[in-house]
Amino acid sequence: MIQHIDVHAVLRESVSAMYADLVTRPTGRVVRERIERAIAPADGRGDVTIARMDFTGVGCIGHGLAALLERRDGTLEALGAPEAAAALVREVLARHLAAPTSGGALALTLG
């Protein structure tokens, strides 16, 4: 099962001001820690959790980061710093979380 995380909601709940951007280290750290707690395995075994993180409403995710945008047709687009985006694509392919489509795009293999 893939867990859904609304990053904008976590951001609003994590900081007292109405931030829409993840641009400062303190803000990013607080949001990251809350997300890490949310996806931590309950049994403490350390199994890898897959999370679909929705960045809708977040204006900026900070320097040197990347994310995969899932389009309405299910294909993925890598966004962000070129090196980080390429590394993210390699990682999801290596973990068999995404695969090339017949048209040459990339799509998630898990629902």
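Read-outs throughout are calculated quantities, based only on the coordinates presented, and are distinct from any laboratory measurement. Keep in mind that what you see is a predicted model, and the values were worked out from it rather than measured. Heads up, the Cβs are rebuilt from the backbone with ideal geometry, glycines too, and the neighbour counts pull from every protein chain shown.
Some points to look at:
- The alpha-carbon atoms of the chain define a convex hull whose volume equals 116 cubic angstrom per residue.
- Here the label points at Ile2 and Arg25, each 7 Å from Cα along the C-beta direction, are separated by 3.3 nm in the simple model.
- The charge dipole of the chain, taken about its Cα centre with unit charges on the Cβ of Lys, Arg, Asp and Glu (plus for the first two, minus for the last two), comes to roughly 120 debye.
- Extension gain, Ala99-Leu65: 0.36 nm per intervening residue step, less the Cα-Cα distance, totals 10.1 nm.
- Summed residue charge, Cβ within 11 Å of Leu97's Cβ, Lys/Arg positive, Asp/Glu negative: +1
- Degrees separating the helix 25-39 axis from the principal Cα axis of the chain, which is the longest one: 60
- All-pairs alpha carbon distance profile, the stretch 55-111, 5 Å steps from 0, percent: 4, 19, 27, 26, 16, 7, 1
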